[in-house]
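Undergrad: Could you have a look at this structure, given as structure tokens, before my questions?
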Amino acid sequence: MTSTRNSTADNSLESGHPYSAHMQQLIQAAKAAGTPYASMLLNEAGDVVVQNVNTVKQQCDPTAHAEMNTIRQAAAKLGRVNLSGCHLITTCEPCPMCAAAAFWSNISKVTFGLSIAGITAAGHRQIPIKADDILRHSKAKAEVEGGLLADEVRKIFP
Ligand SMILES: [Zn+2]
């Protein structure tokens, strides 16, 4: 597996990208939930294990980001904390907390839409540390790619 490490790019990848349909599904789920944040985890076979949205307000839990919810539920469903071989797809670049959760769960690949810089530009508070920086500095073997349908994700911000 090659590491592209192009997480800073906000120019949307082609709609023919292998995961553009997954991203479209997440964008619809996020829209329906009234949040820009949705994510899913695929298993080694590429099947969706769980899909989730940000539920911080509903659960009164500041850590209930879409990716945290997804990783928690996927680990519980699969019955293992090692999610090596799994692929996290998320509308927005994982924040440092969620990127760290991807590290702790050994997720192999992360694909996101809008970057942290893009989220900030859209008016949401973010910690300006890239997911790729967290994963690279922790020597995680995760491949990170960003910018998938970023323009579409930007449109679901209020
Ligand atoms: Zn997060």
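Undergrad: For the stretch 103-149, how many residues meet the condition of being in a loop (DSSP other than H, G, I, E, B) and acidic (Asp, Glu)?
TA: Narrowing the stretch 103-149 to residues in a loop (DSSP other than H, G, I, E, B): 105-108, 115, 122-130, 138-142, 146-149.
Those still in the list that are acidic (Asp, Glu) too: none.
Looking only at that region, the number is 0.
Undergrad: State all residues of the stretch 128-153 that are touching a residue at least 24 places away in the same chain (Cβ under 8 Å), over 26 Å from Ser84 (Cβ atoms) and out of contact with any Asp or Glu (no Cβ under 9 Å at 6 or more places or on another chain); if no residue qualifies, say none.
TA: Leu149, Glu152, Val153
Undergrad: Quick check on Ser105: is it more than 13 Å from the ligand (Cβ to nearest atom), over 17 Å from Ile134 (Cβ atoms) and of a type in the set (Ser, Thr, Tyr)?
TA: no
Undergrad: Which of the residues belonging to the stretch 55-102 are within 14 Å of the ligand (Cβ to nearest atom), charged (D, E, K, R) and assigned to a loop (DSSP other than H, G, I, E, B)?
TA: Those that are within 14 Å of the ligand (Cβ to nearest atom), charged (D, E, K, R) and assigned to a loop (DSSP other than H, G, I, E, B): Asp61, Glu93.
Undergrad: When Ala33 is evaluated against the numbered criteria (1) in contact with an Asp or Glu (Cβ under 8 Å, 6 or more places away or on another chain); (2) within 19 Å of Ala150 (Cα to Cα); (3) within 16 Å of the ligand (Cβ to nearest atom), which criterion, by number, is the only one it fails?
TA: (1) is the only condition that Ala33 fails.
Undergrad: Right, here's the next one. May I ask you to say which residue of Met40, Met23 is outside any strand (DSSP E or B), surrounded by 15 or more Cβ atoms within 10 Å (Cβ to Cβ) and more than 12 Å from the ligand (Cβ to nearest atom)?
TA: Met23
Undergrad: Can you report the number of residues in the stretch 44-54 which are away from the ligand (no atom under 14 Å from the Cβ) and under 19 Å from Pro94 (Cβ atoms)? Show your work before the answer.
TA: Taking the stretch 44-54 first, the residues away from the ligand (no atom under 14 Å from the Cβ) are 44-51.
Among the residues that remain, those that are also under 19 Å from Pro94 (Cβ atoms) are: 48-51.
Result for the stretch 44-54: 4.
Undergrad: Still on this structure: Taking the options Pro96, Pro158, name whichever one is surrounded by fewer than 23 Cβ atoms within 10 Å (Cβ to Cβ), touching a helix residue (DSSP H, G or I) at 6+ places or on another chain (Cβ under 8 Å) and at negative phi.
TA: Going through Pro96, Pro158 in turn, the sole match is Pro96.
Undergrad: Check the stretch 111-130 and report whether any residue there is farther than 19 Å from Pro36 by Cβ and buried (at least 17 other Cβ atoms within 10 Å of the Cβ).
TA: Within the stretch 111-130, none of the residues are farther than 19 Å from Pro36 by Cβ and buried (at least 17 other Cβ atoms within 10 Å of the Cβ).
Read-outs: derived from the displayed coordinates by stated rules, not from any lab. Here the structure is a predicted model, which is why all the values come from computation and not from measurement. All Cβ positions, glycine included, derive from the backbone under ideal geometry; neighbour counts span all protein chains shown.
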